[in-house]
Amino acid sequence: MRRLGRDDHGSGEPLVLLHGVATSRMIWCRVVGPLAERRRVIAVDVPGFGESAPVGPGFELPDVADRLVEGLGLERFDLLGHSLGGALAVATAARHPAAVRRLVLVAPAGLSPRAPRIAAALGAAAERAVSARRALGYRWVDHAAARWVMFATTVADPGRLRPQEARLMLDASDRGRRISDGVREALAADLRDDLAAAPVPVGLVWGDADRVVPYAGLEPLRRLRPDAVVETLPRTGHVPQVEDPAGFAAAVERVLGGLR
């Protein structure tokens with residue numbers, strides 16, 4: 001069995017964190033401390049990213065979900081997924097319902113499907129954009145105008161993004177081997193039936209200024225899961241764990257506290 005890249009913090013009932021596309025477990029570094037005060041927190045590199053080897057030649061959610069559960073080696077755990085990690089979290093709960101205790105989705109992908117051809121084109125474009133940002137970003141990261149260009153879509157207010165936060169996102173994007181395939185799968189997948197039928201409590205966390213997975217997508221998910229516990233993060237975009245780590249950690253605590 002190939003190991004998963006992972007960081008393990010705290011003790012108690014485990015909460016597994018799944019990052020989004022073009023990033024790694026490093027993206028959680030500012031929130032694992034607060035979250036680990038009450039539980040064990042395991043930040044995982046999704047297969048195909050960071051230190052986790054890919055599963056097969058592409059990125060197929062069922063296969064990746066199976067590898068995740070196998071690699072974790074946990075009998076039962078809470079699962080939090082962000083963006084692509086949200087799609088993977090839903091697929092994991094659908095395929096391994098006995099393993100997932102509670103499901104928390106942060107601006108999840110996989111629930112608003114695009115045509116496969118469009119998804120593939122956007123995946124290829126995303127990989128090119130991430131490669132260019134990695135190649136040039138460190139050279140310009142100290143310049144406010146450059147941070148605006150690099151992260152205008154990703155964060156709510158690039159003007160508030162500090163150089164160290166921009167560097168964190170650049171660092172976290174290293175070793176992404178399945179960016180194009182991951183974006184394609186996230187955009188083309190339709191996991192709405194799986195989410196509706198998931199036999200686990202569900203929480204939703206969303207930044208109200210998210211432009212990557214638009215905040216308007218929250219309402220259809222409320223209709224799919226009227227029992228969901230929902231937290232909205234004001235003035236945050238697609239990476240609230242970086243933009244507002246204290247607010248994000250507090251929101252996750254409230255969601256987990258409301259899921260029984």
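The values are calculated or read from the model by the stated rules, or taken from the named source; none is laboratory data. None of these values were measured; they are calculated from a predicted model. Note that we place each Cβ from the backbone using ideal geometry, even for glycine, and neighbour counts take in every protein chain shown.
Tabulated data
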| quantity | calculated |
| --- | --- |
| Output for region 232-254, where each listed residue is surrounded by fewer than 22 Cβ atoms within 10 Å (Cβ to Cβ) and either outside any helix (DSSP H, G or I) or touching a helix residue (DSSP H, G or I) at 6+ places or on another chain (Cβ under 9 Å) (or both) | Thr232, Pro234, Arg235, Pro245, Ala246, Gly247, Ala249, Ala250, Glu253 |
| Looking only at region 205-231, and only at residues there that are among the basic types (Lys, Arg) and assigned to a helix (DSSP H, G or I), the one that is farthest from Met150 (Cα to Cα) | Arg223 |
| Some residue of region 86-106 being under 16 Å from Leu204 (Cα atoms), of a type outside the set (A, V, I, L, M, F, W, C), part of a loop (DSSP other than H, G, I, E, B) and modelled with pLDDT of 95 or more | no |
| Residues located in region 2-21, provided they are modelled with pLDDT under 95 and closer than 16 Å to Pro108 by Cβ | Val21 |
| Check on Ala43, among the small types (Gly, Ala, Ser), without any contact (Cβ under 8 Å) to a residue 40 or more places away in the chain and buried (at least 23 other Cβ atoms within 10 Å of the Cβ) | yes |
| Any hit, region 6-17, residues being in a loop (DSSP other than H, G, I, E, B), more than 14 Å from the chain's Cα centre (by Cα), in contact (Cβ under 8 Å) with a residue 12 or more places away in the chain and under 22 Å from Val239 (Cα atoms) | no |
| Restricting region 118-171 to residues that are of a type in the set (D, E, K, R) and closer than 21 Å to Asp244 by Cα, the residue that is surrounded by the most Cβ atoms within 10 Å (Cβ to Cβ) | Arg147 |
| Which numbered condition Leu35 misses (of (1) modelled with pLDDT of 95 or more; (2) closer than 17 Å to Arg178 by Cα) | (2) |
| Residues of region 54-73 classified as in contact (Cβ under 8 Å) with a residue 40 or more places away in the chain, surrounded by fewer than 16 Cβ atoms within 10 Å (Cβ to Cβ) and not charged (D, E, K, R), total | 1 |
| Those residues of region 204-234 which are basic (Lys, Arg) and more than 19 Å from Val21 (Cβ to Cβ), in sequence order | Arg222, Arg223, Arg225 |
| Residues of region 21-53 satisfying the condition of being in a loop (DSSP other than H, G, I, E, B) and closer than 18 Å to Gly247 by Cβ | Cys29, Arg30, Val31, Ala36, Glu37, Arg38 |
| Failed item in (1) over 30 Å from Arg260 (Cα atoms); (2) part of a helix (DSSP H, G or I); (3) modelled with pLDDT under 95; (4) not hydroxyl-bearing (Ser, Thr, Tyr), with Gly176 passing the rest | (2) |
| Extreme residue, surrounded by the fewest Cβ atoms within 10 Å (Cβ to Cβ), among residues of region 91-106 that are touching a residue at least 60 places away in the same chain (Cβ under 8 Å) and touching a Lys or Arg at 6+ places or on another chain (Cβ under 9 Å) | Arg101 |
| Among residues of region 154-173, those that are in a loop (DSSP other than H, G, I, E, B), more than 15 Å from the chain's Cα centre (by Cα) and touching a residue at least 40 places away in the same chain (Cβ under 8 Å), counted | 3 |
| Which numbered condition Ser24 fails, given (1) out of contact with any Gly (no Cβ under 6 Å at 6 or more places or on another chain); (2) among the polar types (S, T, N, Q); (3) buried (at least 19 other Cβ atoms within 10 Å of the Cβ) | (1) |
